[in-house]
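The values are calculated or read from the model by the stated rules, or taken from the named source; none is laboratory data. Treat the numbers as computed from the prediction; the structure is a model and nothing was measured. Every residue, glycine among them, receives a Cβ derived from its backbone with ideal geometry; neighbour counts consider all protein chains shown.
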Amino acid sequence: MRKTNALPGLDLLVGFEAAARHLSFTKAGAELYLTQSAVSRQIKELEEQLGVTLFQRRHRALSLTEPGHQLYAAAAQVLTTMRSAAARLRAHSERRRPLSVTTTNSFAALWLIPRLAGFTREHPGVDVRITAETRVQDLERDGLDLAIRHGPAALAGPSAVRLFGERVFPVCSPRLLRDPERPLKQPSDLKNHCLLQYDDPEGRHPWLHWKTWLEVAGLTDFRPAATLSFSGYEQIIPAAIAGHGVALGRSPLVKDLLLSKDLVAPFKSSADPARAYFALVAQNAAGRPEVAAFVEWLKAEAAKR
């Protein structure tokens, strides 16, 4: 027995609306990626559910019956409303897609994350996802919007936005600097201290090696009291703050810690590794306003002294 208050299935109404609009089962099928016979079966099932004939079928023509006209007017209105609502929901979902940023572990921990609250205050509707890795990720392949990379200008690419350069110099805790038994008045005094160093056995990061700065300071034959090695630069700086030894500070990453007096720079000499930090936007993300806003925010933060 037919249920008089049961609604037809949405797929049947979609097929009917397309067929009524085109007055053709073939064109409706092409629009819906169905065969002509599949649309014909949908219409037949809908007619059986409603107990009425919706189309007059002639040899080369198709026309709506009076019940067909009534159902088409209602179905077209309902489906138009549903399609508009679905489009709005998709647009909202797209706007809420997180802004995906990739950078190094050290830059994320020591520079980006301490400042990130400023961006979220200015752009409360933007979700941000930070990916910190040592490997260089492919932006398009890995679904990322923006990268903050560190390297020589020649490798940055023409579309990269330069944020700032970098200087490297010794830093330590104020408590270590005040140690009367192990003064740090000149670079050669480092021989009485533990040097905190980046564990880089393959030599892929020579600008983070003490050897580079020691040569700038004129110390070519040098042995410290001890060394303490770490697998990541973001581990070295907390160790220096805790007083475990002297670290090589990287100017943009330790700037705030120097201003807050968590770290001090005992000497004036520094090494310039001829490298800088750059922001690079993925081609498929260049049109997103939140990506442009993040780049502008990065530039403003980088310009602060």
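Quick look at the numbers
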| quantity | calculated |
| --- | --- |
| Among (1) surrounded by fewer than 14 Cβ atoms within 10 Å (Cβ to Cβ); (2) without any contact (Cβ under 8 Å) to a residue 60 or more places away in the chain - the single one Q137 does not satisfy | (1) |
| Selection within segment 220-245 - touching a residue at least 12 places away in the same chain (Cβ under 8 Å) and more than 34 Å from the chain's Cα centre (by Cα) | F222, R223, P224, A225, A226, T227, G243, H244, G245 |
| Candidates A279, A285, A274, A300 - the one that is farther than 30 Å from L214 by Cα and surrounded by fewer than 16 Cβ atoms within 10 Å (Cβ to Cβ) | A300 |
| Hits in segment 28-64 (condition: among the aromatic types (F, W, Y) and closer than 18 Å to A76 by Cα) | F55 |
| Subset of segment 12-35 that is touching a residue at least 24 places away in the same chain (Cβ under 8 Å) and among the aliphatic types (A, V, I, L, M) - its residue that is surrounded by the most Cβ atoms within 10 Å (Cβ to Cβ) | A19 |
| Helices (runs of 4 or more DSSP H) within segment 1-51 that include 1 or more residues within 43 Å of the chain's Cα centre (by Cα) and on the phi < 0 side of the Ramachandran plot | 10-22, 25-32 |
| Residue list for segment 253-287, restricted to those being among the polar types (S, T, N, Q) and at pLDDT 95 or above | S260 |
| Flag if G165 is touching an Asp or Glu at 6+ places or on another chain (Cβ under 9 Å) and surrounded by fewer than 12 Cβ atoms within 10 Å (Cβ to Cβ) | no |
| The lone exception for N284 - which of (1) in contact with a strand residue (DSSP E or B) (Cβ under 9 Å, 6 or more places away or on another chain); (2) touching a residue at least 40 places away in the same chain (Cβ under 8 Å) it fails | (1) |
